Amino acid sequence: MKRATGTTRIHNGKLIDGTGAPPAPDATVILTDGTITYAGPSLLAPAAPDARVIDAQGGTIMPGLIEAHIHLTYFNVTELQDLDIKYPVEYVTLQSAVNAKTALECGYTSARSGGCLHNIDVWMKKAIEEDMIPGPRLSASGREICGAGGLMDWNPDYRKIGMEGIVFIVNGPDEARTAVRKLVKDGIEWVKTYPTGDAASPDINDHHTLCMTFDEMHAVVQTAHNHGLKVTGHCRATEGIRNALRAGYDCIEHGTFMDDECLELLLRRKVPMCPGLGFELWSVQRGKEFGLSQRVIDGHQETLEGGAESCRKVLKTGGTLGLGGDYGFGWTPHGTYAQELTFFVNYVGFSVLDTIRCATLGGAKIMGRDHELGTLERGKLADILLVDGDVMNDISLLENRHNLLAVMQGGVIKAGRLAHV
Ligand SMILES: [Zn+2]
């Protein structure tokens with residue numbers, strides 16, 4: 001991805017640097033060749049006489065947001081079956097490019113995939129890195145892995161429809177290893193698995209059900225780690241979280257019903273978690289209009305309450321959380337990602353600073369790129385948002401992309417009102 005050249009000075013804004021430190025009310029950020037050389041109070045800023053100047057117009061200067069669990073290939077999903085048989089790969093690829101552009105326009109300068117159809121995100125990543133299409137810097141996941149009969153194995157055998165486009169259905173550790181080896185060749189970074197079920201499948205794979213055995217999960221981790229890949233998984237049920245942490249998972253998605261033993265393991269192994277929790281609230285609130293049954297809605301309510309409690313525990317005990325998750329359903333369309341932040345402040349009870357730290361630095365840690373992304377500090381890439389208004393005062397400003405003055409990647413303004421000036 002091309003970076004800006006020369007020196008730029010951003011001034012006249014309140015700095016939230018993403019570390020969790022208190023904001024600097026009158027701040028300056030200086031970048032040279034796409035890298036931050038200064039971020040702090042304007043009074044202490046070094047002179048930059050030849051710099052191009054950007055006026056933050058009294059608004060907020062903050063790191064680009066990081067979607068820590070994005071599904072670029074999801075769009076208008078209202079039931080699980082929409083994920084695999086609705087459209088051909090050609091159309092899904094085009095839609096994914098649109099979703100990537102939308103995410104960037106919403107201030108998401110980086111994203112980690114939570115799984116996708118076919119191998120689209122691997123190639124999407126290449127297209128974005130080569131500036132062929134606009135989008136967040138990506139970590140790719142490709143197809144997912146689930147045990148036979150589990151959450152993702154929904155097509156009945158009589159239909160003679162496989163799950164090749166979306167997920168490897170595995171039976172036993174050997175098949176789990178085979179699936180990972182295919183993903184190794186595909187060029188992915190994160191192996192996404194399904195240790196547990198979900199409220200979406202109340203009959204046979206609800207949120208207290210296991211969808212993979214420990215042996216299958218352990219085989220996935222051994223094979224993935226051998227080839228330098230990381231492993232994560234959809235973990236709701238307590239035993240699924242415990243299995244994942246014991247098997248050596250590198251991240252926990254959701255972490256819904258986390259007991260003390262799981263929390264202790266999570267913290268000891270320094271495993272980050274991506275709750276993707278807002279989805280549960282909106283499923284409860286809007287499920288009826290999209291035809292969800294009362295049982296499914298009740299399951300989402302239980303997931304919402306359990307998940308919120310887990311998040312508060314992880315935050316309080318110093319664990320790492322990334323924000324984002326599962327946007328692309330009919331009731332949580334692409335482009336509404338930042339409502340996750342408002343939800344964490346208003347419903348879960350996080351402070352604005354903690355929420356932003358999770359949505360920037362937390363995501364960067366999950367991506368393994370916190371040395372270059374996630375905060376506005378000297379030496380990091382200039383992935384910066386300029387927001388019209390005081391985000392400390394009203395985090396929901398981030399929900400409306402028209403409030404963004406600039407979305408910068410490597411110092412280049414890619415979107416926002418200043419993009420076309
Ligand atoms: Zn997901």
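The table that follows gives values for the structure above.
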read-out: Residues that are of a type in the set (A, V, I, L, M) and in contact with a Phe, Trp or Tyr (Cβ under 6 Å, 6 or more places away or on another chain), drawn from the stretch 71-127; value: VAL77, LEU80
read-out: Any hit, the stretch 211-220, residues being within 15 Å of the ligand (Cβ to nearest atom), in contact with a Leu (Cβ under 6 Å, 6 or more places away or on another chain) and closer than 16 Å to THR196 by Cβ; value: yes
read-out: Set ALA127, ALA224: member being out of contact with any strand residue (DSSP E or B) (no Cβ under 7 Å at 6 or more places or on another chain) and either at pLDDT 95 or above or of a type in the set (Ser, Thr, Tyr) (or both); value: ALA127
read-out: Selection within the stretch 44-71 - without any contact (Cβ under 8 Å) to a residue 60 or more places away in the chain and either among the hydrophobic types (A, V, I, L, M, F, W, C) or touching a Gly at 6+ places or on another chain (Cβ under 9 Å) (or both); value: LEU44, ALA45, ALA47, ALA48, ASP50, ALA51, ARG52, VAL53, ASP55, GLY58
read-out: Qualifying residue in the stretch 44-59 (condition: surrounded by 14 or more Cβ atoms within 10 Å (Cβ to Cβ), modelled with pLDDT of 95 or more and in contact with a helix residue (DSSP H, G or I) (Cβ under 6 Å, 6 or more places away or on another chain)); value: no
read-out: One residue from GLY255, GLY228, GLY248 being at positive phi and under 20 Å from the mean Cα position of the chain (by Cα); value: GLY255
read-out: Criterion: over 18 Å from the mean Cα position of the chain (by Cα), surrounded by fewer than 23 Cβ atoms within 10 Å (Cβ to Cβ) and among the polar types (S, T, N, Q) - qualifying residue of THR317, THR336; value: THR317
read-out: Unmet requirement for ASP174, which otherwise passes all of (1) surrounded by fewer than 16 Cβ atoms within 10 Å (Cβ to Cβ); (2) more than 23 Å from HIS218 (Cβ to Cβ); (3) in contact (Cβ under 8 Å) with a residue 12 or more places away in the chain; value: (2)
read-out: Residues that are crowded, with 24+ Cβ neighbours inside 10 Å and either within 16 Å of the ligand (Cβ to nearest atom) or acidic (Asp, Glu) (or both), drawn from the stretch 121-130; value: ASP121
read-out: Only one of LEU373, LEU405, LEU385 that is closer than 19 Å to GLU340 by Cβ, assigned to a strand (DSSP E or B) and among the hydrophobic types (A, V, I, L, M, F, W, C); value: LEU385
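Results for (1) under 25 Å from GLU372 (Cβ atoms); (2) not assigned by TED's automatic domain parsing to the domain that holds ALA27, shown as yes or no for each residue.
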| site | (1), (2) |
| --- | --- |
| ALA51 | yes, no |
| ILE54 | yes, no |
| HIS69 | yes, yes |
| VAL77 | no, yes |
| ASP84 | no, yes |
| ALA100 | yes, yes |
| SER113 | yes, yes |
| HIS118 | no, yes |
| VAL122 | yes, yes |
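The values are calculated or read from the model by the stated rules, or taken from the named source; none is laboratory data. From a predicted model like this one, the values you see are computed outputs, not experimental measurements. For neighbour counting, all protein chains shown are included, and Cβ atoms are generated from backbone atoms with ideal geometry for every residue, glycine included.
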